Structures are given as structure tokens and as C-alpha cells.
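The values are calculated or read from the model by the stated rules, or taken from the named source; none is laboratory data. All of these numbers come straight from a predicted model, not from anything done at the bench. Methodologically, a virtual Cβ is constructed for each residue, glycine included, from the backbone with ideal geometry; neighbour enumeration extends over all protein chains shown. For the accessible areas, the whole protein counts, side chains as well, though only heavy atoms, and no ligand, DNA or RNA atoms are used. Shrake-Rupley method; radii C 1.70, N 1.55, O 1.52, S 1.80 Å.
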Amino acid sequence: MHIQSLSIQNFRNLQPSRLHFSPQLNIIYGNNAAGKTSILESLFILGHGRSFRTSRHSKLINYEQDSFTLFSELYSHNVQQRLGVQRFRNNDVNVRLNQEPLAKLSDLVSLIPIQVLAPEHYELLTKGPSGRRKLLDWGVFHVEHSFLKRWQACQRIILQRNKLLKGSLSYKDLEAWDSQLIPLSDQVNQYRQDYCDSLSPYFHEIASQFLPDVQLSLEFYKGWQGKDLESLLVEQYLKDKKLGYTQSTIQKADLKILSGKRLAADYLSRGQQKLVTTALKLAQLRLAQERGQQYPVFLLDDIGAELDENHQKLLLNFLAKQPEKQQIFITCVHLDPLKSLINRYNNARLFHVEHGAVSIIEASEMNAQ
Ligand SMILES: Nc1ncnc2c1ncn2[C@@H]1O[C@H](COP(=O)(O)OP(=O)(O)OP(=O)(O)O)[C@@H](O)[C@H]1O
């Protein structure tokens, strides 16, 4: 899978641009606040319909405009697709795939797998489980497309169950819902557990390169401990009723990252935590490649942020060894540390961003700089 081109209109501070990308390495560089991350953000939107920086779509629209438009030509499942995304200030969205309206944004996720690693993700270990659960579910979804349907069905039933709880007279009133919820939750757990098991060896291998002194491992937590869900739902009925919500659900699941037997977040430095997050995302990429799935487009925002020279080199080495079909976008302020990576590719493309204006720089010009 790769993105061939992108036209951008009225998106953040970016001037109208039409960009043609390398199917392998793309570097976007420029000073702070130039608009580099905005380009990555617009690419991410192609595969998710939303940003990785904000949930408020109106923030993405240029201050002086009423909507933004992105149009892209891309290869997915070896077929060229044309995708247009337009978002309005009133939250209306218009997505067209090969000129036909696309009803469900979730269809984009399977068509255009995109993985992002940005400074926003470096608190993955210390923040609550929702970010880690999203990371896990992103991977599960790309392996097992039926996951989304089951996950959505669980969400609907839990919502319904929580509504019924308040007015219920006894557990009997919930039994019919639980008889659907239990097998669906078991299935979701199994998908998540299987993905965690498959990811673990890749994570272990990459993390041990980045952090050779720390014994890291992954553990899947399904959202409740011990007993099977059926017994817990009966047992916790009165407490659930009092609280007004179901305590034991798949919505509480977590991907625990351990250092030895303890939570890594409690012991690792900020820099180490950043490396763990990086290792996790790279492991997901490697797993997708090894399984022969569509290679997710990999977006790496601000590659230089907070990494010492040695770790930056390790990361660059990893990126230099990517398979031919892997498309990568990297943003940076300084080009110098990336020059040897760029020179390893004969088709790398460089984009210089200045006050929202994007220009293409030839690799030969870079070497002359
Ligand atoms: N809706 C908007 N309309 C116009 N400009 C915006 C909008 N949203 C953000 N900006 C501005 O766009 C600029 C570019 O931001 P962006 O985060 O893309 O920069 P960057 O090059 O990644 O910077 P850094 O290196 O500091 O991370 C910022 O000055 C920001 O204030």
C-alpha cells in the first residue's frame, strides 16, 4: 500500500499544494511551526477520517475558511484508488472513494492502513489504558476484520445494559443481554490475546536493541480479573446497579507493558518510555510485514525529539532496513542526521516546508547543502 499523491486545500496553515510522494522514503523538513506535522496529519486523515492530534475537526480547517479538502491517489490492494475527504465547520463530512460516496469512515481504516508515531504518543505508558487499548485494537483490526463488528456489538450491548441496570428489579432483567454479551466479549478477548501473543516476540526483539538493559514484556489484561465473565456479571449485579454501569467489560482492557514483573511506566525514564513506545509501533509494523498484510504507511513525526545520538542512529538503522514496499514519511527540523538514510534510497523525496508553503528539494541539492 502506498500514497502516490495528495492535494491539500485550506488545511491548517498549509498553502494549497499538490504533492507527489516516493513509494518508499519521504522526508518533510523545516523550522518549527512551518506546517510539517500538518502534512502528516492530513495523510493520517486519509486512513482514519480524523486527526491524531485533536478530536475537534474544526481545528483542522484554515482559520479563514469553512472547509478543508484533501484528495489523494493511492495504491491499496494493488489497485489505484482515488480518495477525497472534505470536512466542514458544522462537522459535516464528505468522503468519496473513486467518486462514489463512502458511507462508513471505518471502511477507510481497512483500505488505507496508516500507523503514526508522534510526540503525542510518548505518554502512552503513563496515561490511562485507552491509548494502549487503541494501539492494540488497531493491530487486531488489521489482522482480523471481523473484530470491529464484534467490538461494536459489545459497545452497543454494554450501553443498553447500563441503561437497563438502573430500572432493573433483579438480575433476570439483564440475562437476555448478557447471553449475547458474554460470547461476544470472549471473542474480542481472544482476538486481543492472540494479537498480543503475536506482537510480543517482535516487540521483545526491537526493544532489546533500543533498551538492552531492560527486560521488557507485554501482557494482555482483558478488563477483569479471575473469574469468567458470566459469574462476575451475576455476582456484581447489585454493585453495578448502584454504580449505574457495568464494571467488568472489554472497555477496561489494557496492554500492560512490564519491566520485569512491574509496570514499566513506574520505573523507566521519559527517554526510555519514548523508546518503548517506538519499539511497540515498529513491532506492529514488522508484524504486519511478516504476515504479508498490506504494509501500513508509517508516519514518524519529529524524529529528533528527545532521542540521544546513539538511539537516533539505532532508529535510523532500523528504518534503513525496511522492505521495498514500505512507505515512510518522516518530519524533522534538521536534515543532517538523516542524510545517510536518504542516501540509502535512490528514490527518496524531500519536501521543504516554510510558513505553510511546500517545495520539493532534489536529493542532489541536499547533498550540496
Ligand atoms: N486551523 C489553522 N489555520 C491556520 N493555521 C493553523 C491552524 N491550526 C494550526 N495552525 C498553525 O499552523 C502552524 C503549523 O503547525 P505544525 O504543527 O504543522 O508545525 P510543525 O512544522 O510541525 O512545527 P514543530 O516543528 O514546531 O512541531 C502553526 O503555526 C499553527 O499555529
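Structural remarks
- Each residue in region 296-316 was checked for being under 26 Å from ILE112 (Cα atoms) and either among the hydrophobic types (A, V, I, L, M, F, W, C) or open to solvent by 30 Å² or more (accessible area, probe 1.4 Å) (or both), and 8 of them qualify.
- Residue within region 169-183 that is in contact (Cβ under 8 Å) with a residue 12 or more places away in the chain, open to solvent by 60 Å² or more (accessible area, probe 1.4 Å) and under 24 Å from the mean Cα position of the chain (by Cα) present: no
- Residue check, LEU316 in a helix (DSSP H, G or I), assigned by the TED database to the domain that holds ARG53 and either touching a Cys at 6+ places or on another chain (Cβ under 8 Å) or within 16 Å of the ligand (Cβ to nearest atom) (or both): no
- Some residue of region 46-63 being part of a helix (DSSP H, G or I) and buried (at least 22 other Cβ atoms within 10 Å of the Cβ): yes
- Any hit, region 299-321, residues being of a type outside the set (S, T, N, Q), at positive phi and in contact with a strand residue (DSSP E or B) (Cβ under 9 Å, 6 or more places away or on another chain): yes
- Meets criteria (in contact with a strand residue (DSSP E or B) (Cβ under 6 Å, 6 or more places away or on another chain), in a strand (DSSP E or B) and at negative phi) for PHE68: yes
- Among the candidates LYS256, LYS239, the residue that is at pLDDT 95 or above, open to solvent by 10 Å² or more (accessible area, probe 1.4 Å) and part of a strand (DSSP E or B) is uniquely LYS256.
- Scanning region 18-71 for residues that are within 10 Å of the ligand (Cβ to nearest atom) and of a type in the set (Val, Ile, Thr) returns ILE28, THR37, ILE39, THR54, ILE61.
- Considering residues of region 101-139 that are without any contact (Cβ under 8 Å) to a residue 12 or more places away in the chain and either within 16 Å of the ligand (Cβ to nearest atom) or under 19 Å from CYS154 (Cβ atoms) (or both) only, the residue surrounded by the fewest Cβ atoms within 10 Å (Cβ to Cβ): LYS104
- For region 195-239, a tally of residues being under 30 Å from LYS172 (Cα atoms) and not aliphatic (A, V, I, L, M) returns 14.
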